[in-house]
Amino acid sequence: MKLRIRFNASKRSSATYALLPWVRRVAIIALAIITFFVLPASAGFFDWPHSRRPSRSAHPRIVVPLPPTRPADLPAVQPPAQPPASATVPLSVAPQTTPQTKSAVPNAASPAVAPLPNQPPPTVSAPALAPAPTPTPGEAAVPPNASGPTCLAKLIEGGMRAEVAQTPAASNSACAIAAPVRLSAWVSGKGQTILFPDQPIVECEFALVLSDYTRVLIAPLGAASMGAAVTSIHTGPGFECRGRNHASGGKISAHGKGLAVDITSIEFANKRQVRIDHQNDADEIAFFHAVRRAACGWFSTVLGPGADAYHDDNLHLDIEMHGSSSSYRICQ
């Protein structure tokens, strides 16, 4: 009896397992029918919240009124008849011009036209120029482009103590200075005074360059490198009527035009003296080389020891132009 019951139970369980695949298939088919046929018929099943569109009835229709009808065009105004080309117009009456009206209304009143004057206006004559003053006897006529007084004013304003001088007499007429000045000292804005014991006579334009060279380079460099203020600069006479390198019959030197000086030594407040031909220590050597090299920024010719035998004991500085180029420089 017990064996029979167990057999029937095992038989029923095997039959149930055989039906399970069919039950699953029927359930899948039923779910597919409900999903694709029954649910779409219901209200908005696939209308997800982010894709739903409001109905057209949610927004009221905006009615734009039509523009008013255009009024009828006014008749065009006929311009007045122009006179023929051969007709002459009297001088006393100006020709009629077509009036420009803001509104297109016929028979508009034309503006009044003033008649031309019968007589031409009087001719204004230019005022008579005063005659140029003539120099009195014994007074030299100053050319209009002379820069002597203006240059001297700039020189004094820059701190240089200078005065108008006369060019020393020379046997060669080629030796001349256009605006000669005599230099005695340079005074800084802080009261420092640098003397020129030789009181050189030079061209005023050259004196401006020498003054700037003293102010910008020699004075501050001397105080910084030598530990004392510069007190004097020995330059020689400046003007010398001679040929280059003292050659007779040769080209006139820049000294003959007042465009050069020869510095021989520089003295300081602590009694030290830097000579061009000899320096005592490293500070003097460094100061001299700096003064010599930087001079090429101001002067067109710089010649010192080693350049030639004529400049072994002096530093020659001039602003004479070499050839046709003002930028060409000789620095030796």
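The values are calculated or read from the model by the stated rules, or taken from the named source; none is laboratory data. Every value quoted in this text rests on a predicted model; they were computed, and no experiment measured them. Here the Cβ is made from the backbone with ideal geometry for all residues, glycine too, and neighbour counts use every protein chain on show.
Is it the case, given these coordinates, that Ala294 is over 31 Å from the mean Cα position of the chain (by Cα) and of a type in the set (Gly, Ala, Ser)? No, not satisfied. When Leu183 is tested against the conditions (1) part of a helix (DSSP H, G or I); (2) surrounded by 19 or more Cβ atoms within 10 Å (Cβ to Cβ); (3) not β-branched (Val, Ile, Thr), the lone failure is (1).
State whether the residues of the stretch 270-282 include one that is at pLDDT below 95, touching a Lys or Arg at 6+ places or on another chain (Cβ under 9 Å) and surrounded by fewer than 17 Cβ atoms within 10 Å (Cβ to Cβ). Checked against the condition, which is being at pLDDT below 95, touching a Lys or Arg at 6+ places or on another chain (Cβ under 9 Å) and surrounded by fewer than 17 Cβ atoms within 10 Å (Cβ to Cβ), the stretch 270-282 yields at least one hit. Within the stretch 255-273, residues that are over 17 Å from Val302 (Cα atoms) reach partners that are of a type outside the set (Phe, Trp, Tyr) and assigned to a helix (DSSP H, G or I) with beta carbons closer than 8 Å, at six or more positions or on different chains, in the pairs Phe268/Gly222; Phe268/Met226; Asn270/Met226; Arg272/Met226; Arg272/Glu284. Within the stretch 304-315, the set of residues being outside any loop (DSSP other than H, G, I, E, B) and at pLDDT below 95 comprises Ala309, Tyr310, His311. Of everything in the stretch 219-254, what is without any contact (Cβ under 8 Å) to a residue 40 or more places away in the chain, assigned to a helix (DSSP H, G or I) and of a type in the set (Gly, Ala, Ser)? Give them in sequence order. Matches in the stretch 219-254: Ala219, Ala223, Ala224. Among the conditions (1) farther than 20 Å from Pro237 by Cα; (2) surrounded by 22 or more Cβ atoms within 10 Å (Cβ to Cβ); (3) of a type in the set (Phe, Trp, Tyr), Phe299 misses just one, which is (1).
Within the stretch 275-330, the set of residues being among the β-branched types (Val, Ile, Thr) and without any contact (Cβ under 8 Å) to a residue 24 or more places away in the chain comprises just one member, Ile285. State yes or no: is Ile263 hydrophobic (A, V, I, L, M, F, W, C), more than 17 Å from Leu195 (Cβ to Cβ) and surrounded by 14 or more Cβ atoms within 10 Å (Cβ to Cβ)? Here the answer is no, as Ile263 does not meet what is asked.
Selection of the stretch 274-291 for residues being within 41 Å of the chain's Cα centre (by Cα) and among the β-branched types (Val, Ile, Thr) yields Ile285, Val291. Being at pLDDT 85 or above, in contact with a Cys (Cβ under 9 Å, 6 or more places away or on another chain) and either at negative phi or not in a helix (DSSP H, G or I) (or both) is a description that does not apply to Pro197. Checking the stated criteria, Ile330 turns out not to satisfy the condition of being under 18 Å from Asp212 (Cα atoms) and surrounded by 13 or more Cβ atoms within 10 Å (Cβ to Cβ). Of the residues making up the stretch 255-271, those that are part of a loop (DSSP other than H, G, I, E, B) and within 17 Å of Leu315 (Cα to Cα) are Gly258, Leu259, Thr264.
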